[in-house]
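The values are calculated or read from the model by the stated rules, or taken from the named source; none is laboratory data. Predicted model, so just to flag it, every value in this text is computed and none were measured. With ideal geometry, Cβ positions are generated from the backbone for all residues, glycine too; neighbour counts draw on all protein chains shown. Only protein heavy atoms, including side chains, enter the accessible area calculation; ligands, DNA and RNA are left aside. Shrake-Rupley method; radii C 1.70, N 1.55, O 1.52, S 1.80 Å.
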Amino acid sequence: MARYARALLIAFAVWLVGFGGFTFLVDPYGLMPGVQIPGVNERRTRAHEDGYRVRTGHRLLDTRAGTIIMGSSRVADGYPRDIPDWEGGFENLGMAGTTAFELARASTLAAGNPDIRCVIIGMDLREFGTEPNAHATYWLTPLAGGPRLFADLRMLLSPSAFARAMQTLIDNITGGSDTRWEHAYDEDILRERFEEEISKRYRGYSTYEYDPERMRFLFRGVDALLAEGKQVVFVIHPVHVWQEEAGYRAGVNDEEYALRRDAAAHLAARPQIEADRPCFDGPALQVWDFGGYQPVSLTAPPDWDGQGPNPWYYVPAHYRPALGQAVLDRLRGREREAPVSADLFGYRLTPDTLDDLLAAREARREAWLASGDEWMDYVSGEFDALDANPPPPERDARHYLNRDNWSQLERDVRRHGG
């Protein structure tokens, strides 16, 4: 009996080593980008399929970049992955579909990296809705807390990571790839995707619920960064007018204002201190608003034939790195031409400027509606049709933060003196 048990344990151990060893060798998430084996993992075709969570969790610990940017797919797709001439180094650590919960946890992790000087965090309503706190692969990463070794073991022994490794190997052997991802922004389909977003965003916003606790949770996570002397700059994303008007017509404009008012309140509740090694002029904690019918968002949609793309947006919800670069230039005070010049693009939100910024947002919308622009008339007609015959709403379960979420966050923030 003892011999049988020993043999069973040995077989199980060999299986675990082989299972985890295969994932480690293929490295589907690109944790060791310099290790590329032809025919095995030279192309990490599946690195994005977890929304870059595994990679981001590790890079928050390992990056030597002085400035990082975090946020949803708007960040992952809308900013350069790296900017070689950025002083101190720059790295894009966006995670598709991220939430305020995940961003707060990422902030506490980044607080422990002494090389990180400044953190830019992209946000909009999406991060503060009552969706699940985290995606499944979040729990495989250092973001979930605990020793890094445990996170590595969880990842290496995960069936989903093994599946990604197997897909990566097959893609490299056969020459295949994740074509859906590669062709997501093909120019000849972008007008069609613009059109699809009209009803999609209207339907999604119709059942949206803003959770102010998530804003509080995120700012509490950021307290760890501030306690370590780092600079934090929040950026409200510059989405296209077709998406902004979808939210307005579906009834979430009050939530847009609540997001900005809550952000201003959390700013007011914290002392205006200076960062140890700031990357941008101004205090350690800032909020910038690049949304709200600013001129760049009013630009025309792509042509149907793909020959006249919008230079700033792939689709209404996702902008191109050209616009992400304009955001970074605005934060650094660099001169740009209209529609991304300093007088037309990006406004610093503070408790003192809040009311003026909200009034200016309303005024810009009214001016757009009165402009007689052909695309305004077109998209307004589309929303009129949706108002008259609303699509079925998306009804998902509501999720809220619990006591354990807050307890873990508080422990981690206090560990950094926050």
| remark: Expected single match for open to solvent by 70 Å² or more (accessible area, probe 1.4 Å), closer than 30 Å to I83 by Cα and not in a helix (DSSP H, G or I) among D352, D343, D396 is D343
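Looking at this structure, is T179 closer than 23 Å to T45 by Cβ, at pLDDT below 90 and open to solvent by less than 40 Å² (accessible area, probe 1.4 Å)?
Numbers: closer than 23 Å to T45 by Cβ: yes; at pLDDT below 90: yes; open to solvent by less than 40 Å² (accessible area, probe 1.4 Å): no.
In short, no.
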| field | Among the residues listed as T99, T45, the single one being crowded, with 22+ Cβ neighbours inside 10 Å, over 18 Å from the mean Cα position of the chain (by Cα) and over 21 Å from R117 (Cα atoms) | value | T45
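Please work out which residue is least open to solvent (accessible area, probe 1.4 Å), limiting yourself to segment 363-375 and to residues that are farther than 16 Å from I236 by Cβ and assigned to a helix (DSSP H, G or I).
Taking segment 363-375 as the starting set, the residues that turn out to be farther than 16 Å from I236 by Cβ are 363, 366-375.
This time we only want the ones that are assigned to a helix (DSSP H, G or I), so: 363, 366-369, 374-375.
On the way: A363: 59, E366: 100, A367: 62, W368: 14, L369: 56, E374: 125, W375: 64 Å².
Checked segment 363-375; the qualifying residue least open to solvent (accessible area, probe 1.4 Å) is W368.
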| task | Only one of these is in contact with a Gly (Cβ under 6 Å, 6 or more places away or on another chain) and not β-branched (V, I, T): W288, W242, W304, W312. Name it. | result | W288
| Sole exception among (1) of a type in the set (A, V, I, L, M, F, W, C); (2) under 23 Å from G66 (Cβ atoms); (3) touching a Leu at 6+ places or on another chain (Cβ under 7 Å) for V327, by number | (3)
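Only residues that are among the acidic types (D, E) and more than 23 Å from A322 (Cβ to Cβ): list them for segment 336-391, please.
Start the filter on segment 336-391 by keeping residues that are among the acidic types (D, E), which leaves 337, 343, 352, 355-356, 362, 366, 373-374, 377, 382, 384, 387.
Across segment 336-391, the qualifying residues are D352, D355, D356, E362, E366, E374, D377, E382, D384, D387.
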| task | Filter segment 258-281 down to the residues that are buried (at least 16 other Cβ atoms within 10 Å of the Cβ) and not hydrophobic (A, V, I, L, M, F, W, C), then identify the one that is farthest from A100 (Cα to Cα). | result | P278
| request: Can you tell me which residue among R201, R260 is modelled with pLDDT of 95 or more, among the basic types (K, R) and under 28 Å from A106 (Cα atoms)? | output: R260
| request: Could you tell me which residue of segment 131-170 is farthest from F290 (Cα to Cα), considering only residues that are open to solvent by less than 10 Å² (accessible area, probe 1.4 Å) and not small (G, A, S)? | output: T168
| Would segment 193-201 turn up any residue that is under 26 Å from A397 (Cβ atoms), free of Cβ contacts under 8 Å to residues at least 40 places away in the same chain and more than 18 Å from the chain's Cα centre (by Cα)? | yes
| request: Hey, could you check segment 293-335 for residues that are among the aromatic types (F, W, Y) and in a loop (DSSP other than H, G, I, E, B) and say which is least open to solvent (accessible area, probe 1.4 Å)? | output: Y293
